[in-house]
Structure formats: C-alpha cells, structure tokens
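Structure record follows, encoded as structure tokens.
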Amino acid sequence: MENCIFCKIAAGQIPSKKVYEDNELLAFHDINPAAPVHFLIIPKAHIATLADCNASHEGLLGRMMALAPKLAEELGCGVKGLGAEATGGFKSLINTGPDGGQEVYHLHLHVMGGSRPWAGQR
Ligand code: AMP
Ligand code: ZN
C-alpha cells in the first residue's frame, strides 16, 4: 500500500526497532511509548482497520493475539505468579477508526506493559 507508514516499515523502507518477525507478522517498538514497554504487532500485508477484517482473518488475528504474551514475556512484562499474588502484566489494544483513536490506518495491536505509573496513562 503506497504511503502507508507501516507497510514501509514492513518492507524495511523505514527503520524500526524490531521485536519479532515471521513471514506474516512484524512487531516493533512504538516510537512514542505510552508505557515502559510499548510495542506494536502488525500483519505485513496491508489491512487498514479491524473493521476491514472478516472470517478469513480469524487465523491472522488469533496469531497476533497469541504472539502478544510471548513477546511481552520476552521483553520483561509478562505476568508472574497466579491470582492475587500475580505481578507484571500488560495491556493489549486495537484502536479502530477516528472515534477509536486510530491514527495509523494499518491494523496494529498495541502491547503496553512495565511497572506503573506509566507516563502515557493508557
Ligand atoms: P493508533 O493511534 O492506534 O493508530 O497508534 C499509532 C501508533 O503508531 C502510535 O502509538 C504511534 O506512536 C506509533 N507510530 C507512528 N509512527 C511510528 C513509527 N515510525 N515507528 C513506530 N511507531 C510509530
Ligand atoms: Zn499498510
């Protein structure tokens, strides 16, 4: 997709601080972090918003969600312990459309974690 910043990142035309890559997905650190750990998981193929997804995207969306805790753990914000004794953890968020606060129109899953308080207050 022309003029899509995340397509350019996926194509390596714009640099990013890469966290993870496979043939379908890319994860990189957010340039303006709202938390001590803040990275984005994107499909390499251009999909503008979550609202553009249908049943054919269920596998892709599942793989994006399943990757979040794995990478959060690797970056030090996984959940440690069980129930009330648990520490750590992260927020996963997809903004969709103008009222959803979406600024970049290439589907992305925010993953934010690290000890609070967070400067970004999300
Ligand atoms: P959203 O409001 O959900 O569309 O979020 C877009 C996110 O992309 C914001 O958190 C931005 O800080 C982030 N962002 C924009 N440009 C870049 C970039 N070149 N590299 C990394 N993150 C970016
Ligand atoms: Zn794109």
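The values are calculated or read from the model by the stated rules, or taken from the named source; none is laboratory data. Every value quoted in this text rests on a predicted model; they were computed, and no experiment measured them. Note: ideal-geometry Cβ built from the backbone for every residue, glycine included; neighbour counts use all protein chains shown. Only protein heavy atoms, including side chains, enter the accessible area calculation; ligands, DNA and RNA are left aside. Shrake-Rupley method; radii C 1.70, N 1.55, O 1.52, S 1.80 Å.
Here the condition is being within 14 Å of ligand 2 (Cβ to nearest atom) and open to solvent by less than 40 Å² (accessible area, probe 1.4 Å); of Phe39, Phe6, it holds for Phe6 alone. Looking for something farther than 28 Å from Ala119 by Cβ and without any contact (Cβ under 8 Å) to a residue 24 or more places away in the chain - is there at least one such residue anywhere in the stretch 27-40? No, because not a single residue in the stretch 27-40 is farther than 28 Å from Ala119 by Cβ and without any contact (Cβ under 8 Å) to a residue 24 or more places away in the chain.
Is one or more of the residues making up the stretch 80-93 at pLDDT 95 or above, aliphatic (A, V, I, L, M), in contact with a Ser or Thr (Cβ under 9 Å, 6 or more places away or on another chain) and on the phi < 0 side of the Ramachandran plot? No - not one qualifying residue is present in the stretch 80-93. Among the conditions (1) under 22 Å from Met1 (Cβ atoms); (2) β-branched (Val, Ile, Thr); (3) free of Cβ contacts under 8 Å to residues at least 60 places away in the same chain, the only one that Val79 does not satisfy is (1).
Quick one: which of Glu24, Glu58, Glu73 is within 22 Å of Trp118 (Cα to Cα) and either of a type in the set (S, T, N, Q) or surrounded by fewer than 18 Cβ atoms within 10 Å (Cβ to Cβ) (or both)? Can you show your working first?
Details: Glu24 fails: within 22 Å of Trp118 (Cα to Cα); Glu58 fails: within 22 Å of Trp118 (Cα to Cα).
When all the criteria are applied, what remains is Glu73.
If the condition is being of a type in the set (A, V, I, L, M, F, W, C), open to solvent by less than 80 Å² (accessible area, probe 1.4 Å) and modelled with pLDDT under 95, then the stretch 94-122 contributes only Trp118.
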